[in-house]
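See structure below.
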Amino acid sequence: MAASTFPLKDELDVVIPTIRNLDFLEMWRPFFQPYHLIIVQDGDPSRSIKVPDGFDYELYNRNDINKILGPKASCISFKDSACRCFGYMVSKKKYIFTIDDDCFVAKDPTGKDIDALKQHIKNLLNPSTPYFFNTLYDPFTDGADFVRGYPFSLREGVPTAVSHGLWLNIPDYDAPTQLVKPRERNTRYVDAVMTLPKGILFPMCGMNLAFDRSLIGPAMYFGLMGDGQPIGRYDDMWAGWCVKVICDHLGLGIKTGLPYIWHSKASNPFVNLKKEYKGIFWQEEMIPFFQDAILPKDCTTVQSCYKELAKQVKDKLGKIDPYFVKLADAMVTWIDAWDELNPPAKAANSK
């Protein structure tokens, strides 16, 4: 009974970046309590973070990150939610679910609480179909199947590496859109999951996200953002663009849609604009870069793909701004740190 109620209980970590007490976990208790939590505390490491009783967790602050990674700690962002990727690195589980501390349990149209984690797991355990679009969306969903004209040779699908969930209430908008639509709320619950087609990029949001760490973990680097960097709020999107290029190359899938969470508070659009300002210009060159990126055939592991992508970032995006040279170096440092903490992963990927 317990295994079916809490799937992958011993194979999944919940990663939460935070700067505050985690009272929001009370709402998630029925869904998260059996799982192990990895909490990455951002900001002042001397500040004490309170976690509600009854949760199995480990908490890391900046001092811990510096102690564990040494000089390689330079690749982990400070004063930015990108610090969460340290949790991916120290996890020893096959799957990761990450959520922000301002994300609450949403309700479906019938008024029932949505078990976001269970839906993410369902997405990850079913194949993706990136090579041919099924007009009934995810053919592996109850009540759906492959439609007439769908090639039988492609119906087996490919392994799903990423499950990207959505948000009710406060949408994930950039600062200019926030400023012109300050009162806009997402009330549309779309009961659908779909596979992102091969060759198509997407803006990945890290506040309601799950992935197969064994398949794509080393590419889930949220970049060098926040304190001391000229850009913020592009951490998850940067990871998403890198991950999509690598998934397309390695024959892995990404799903988006269900599950929904309730995003409770909008961040300050003026603060966001300051963080995003350069990114709004840079993305017009970053996105074509990723659209055109080609990885050589001899890149057969996530690590080798990621280091090759870092090289291309340095060569091509480095011309836009010196920041990209620094970012490319951090990408390599990240992989080196990942391999140091996860030595068997490289051997497993190269089988």
Problem set entry | Positive dipole terminus of segment 145-292, leading residue within I246, W282, H263 (C-beta point charges) | H263
Problem set entry | Ratio of Rg to Rh over the chain (Cα coordinates, Kirkwood Rh, two decimals) | 0.94
For this session: For every helix of n ≥ 4 consecutive DSSP H residues, a contribution of -39,500 (n - 2.57) applies; sum these over the chain, divide by its total residues, and give [θ] at 222 nm rounded to the nearest 500 deg cm²/dmol.
Result: -11000 deg cm²/dmol
Seminar exercise, completed: With R₀ set to 25 angstrom, the calculated FRET efficiency between the beta-carbons of N66 and D227, to the nearest 0.05, is 0.95
For this session: Report, for the chain, the % of DSSP beta bridges that are antiparallel, rounded to 5.
Result: 40 percent
Seminar exercise, completed: Across I287, I39, I16, the residue with the highest GNM fluctuation in the chain (Cα network, 10 Å cutoff) is I287
Exercise. Please state the relative contact order of segment 6-157 as a whole percent: Cα pairs under 8 Å, 6+ residues apart?
Worked result: 25 percent
Exercise. How do 174-181, 302-309, 7-14 rank on mean C-beta neighbours within 10 Å, highest first?
Worked result: 302-309, 7-14, 174-181
Exercise. If you take the charge dipole of segment 187-251 about its Cα centre, with +1 on Lys and Arg Cβ and -1 on Asp and Glu Cβ, which of M220, C205, V190 is farthest toward its positive end?
Worked result: V190
Seminar exercise, completed: With all protein chains present, the chain has a carbon and sulfur share of its accessible area (1.4 Å probe) in percent of 55 percent
Seminar exercise, completed: To the nearest 0.05, the calculated FRET efficiency linking F133 and D108 through their beta-carbon distance, R0 being 25 Å, is 0.50
Exercise. How large is ³J(HN,Hα) for each residue in segment 15-28, as worked out from phi by the Karplus curve 6.51 cos²θ - 1.76 cosθ + 1.60 (θ = phi - 60°), to whole Hz, x for Gly and Pro?
Worked result: 9, 10, x, 7, 10, 9, 4, 9, 4, 4, 5, 4, 5, 8
Problem set entry | Ranked order, T187, T333 - accessible area, probe 1.4 Å, largest first | T187, T333
Problem set entry | Electrostatic dipole magnitude of the chain [Cβ: Lys, Arg +1; Asp, Glu -1; Cα centre; debye, to 20] | 260 debye
Seminar exercise, completed: The summed charge of the R62 Cβ neighbourhood (under 9 Å; Lys/Arg +1, Asp/Glu -1) stands at -3
For this session: Report the accessible area of Y189, computed with a 1.4 Å probe over the heavy atoms of all protein chains in place, in Å² rounded to the nearest 10.
Result: 70 Å²
For this session: Could you tally the net charge around P7, taking each other residue with its Cβ under 11 Å from the Cβ of P7, Lys/Arg +1 and Asp/Glu -1?
Result: 0
Exercise. Given a 1.4 Å probe, how much area per residue of the chain is accessible, in Å²?
Worked result: 45 Å²
Exercise. Contour minus end-to-end for K9 and D145, with contour as 0.36 nm per residue of separation and end-to-end as the Cα-Cα distance?
Worked result: 46.1 nm
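The values are calculated or read from the model by the stated rules, or taken from the named source; none is laboratory data. Just so it is clear, the structure is predicted and the values come from calculations on it, not from any experiment. For neighbour counting, all protein chains shown are included, and Cβ atoms are generated from backbone atoms with ideal geometry for every residue, glycine included. These accessible areas exclude ligands, DNA and RNA; they are computed on the full protein's heavy atoms, side chains included. Shrake-Rupley method; radii C 1.70, N 1.55, O 1.52, S 1.80 Å.
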